[in-house]
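Enquirer: Sharing a structure below in structure tokens format, with a few things to ask.
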Amino acid sequence: MTLFGQKLTLTSNGIYEQWMEAKADEAAAVAKRRELEDEMSRAFGLDEMHEGSKTHKTEGYVVKITQRLNKKIDQDQLNSIVNENGLEDVADGLFRFKPEIDKKAWGAADPKITDLLSEAITMKAGRPSYNILKEE
């Protein structure tokens, strides 16, 4: 078996060692890329609290920087504000409800209920995650 032109073997020091090396290379590449992105952010004077994209043309390159702000909503506080100020109608248009499964409660629920609710759930396999450590 080959990957990126390198022979992979399923031996004690084959594919597992190569995976560990690839993972280390990947981590180093990500760290270097982020370091360079931080340097460019400083050079372009990026306001980290600005959401949107900006394009810079420099030295024959077009650099597009997209900044997103991650938002987390305190649902209890939001509900209090909405209820105290009579904003129920407005809030319905500003926020979406995204149902997600509480795995612990789902597992403890009556199968008759979960079987019925399962009709509304679509599942697809995600990419498997690997963690390989050398035994000592």
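The values are calculated or read from the model by the stated rules, or taken from the named source; none is laboratory data. Remember, it's a predicted structure, so these values are computed and weren't measured experimentally. Cβ: placed from backbone, ideal geometry, glycine included. Neighbour counts: every protein chain shown.
For every residue, the table says whether it meets (1) surrounded by 10 or more Cβ atoms within 10 Å (Cβ to Cβ); (2) within 20 Å of the chain's Cα centre (by Cα); (3) at pLDDT 90 or above.
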site	(1), (2), (3)
Gly14	yes, no, no
Glu21	yes, no, yes
Ala27	yes, yes, yes
Ala43	yes, no, yes
Asn70	no, yes, no
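Enquirer: Considering only residues that are touching a Phe, Trp or Tyr at 6+ places or on another chain (Cβ under 9 Å) and among the β-branched types (Val, Ile, Thr), look in region 49-68 and name the one that is surrounded by the fewest Cβ atoms within 10 Å (Cβ to Cβ).
Expert: Thr58
Enquirer: What helices (runs of 4 or more DSSP H) lie completely within region 27-122 and have 3 or more residues being of a type in the set (D, E, K, R)?
Expert: Filter on region 27-122 gives 88-94.
Enquirer: Could you tell me which of the residues Ser129, Ser53, Ser80 is within 20 Å of the chain's Cα centre (by Cα), outside the structural domain of Glu26 (by TED's automatic domain parsing) and among the small types (Gly, Ala, Ser)?
Expert: Ser129
Enquirer: Just to be sure I understand the filter: pairs with C-beta atoms under 6 Å, separated by 6 or more residues or on different chains, first member in region 106-132 and within 30 Å of Ala22 (Cβ to Cβ), second member surrounded by 10 or more Cβ atoms within 10 Å (Cβ to Cβ). Which pairs pass?
Expert: Ile132/Tyr16; Ile132/Trp19; Ile132/Met20
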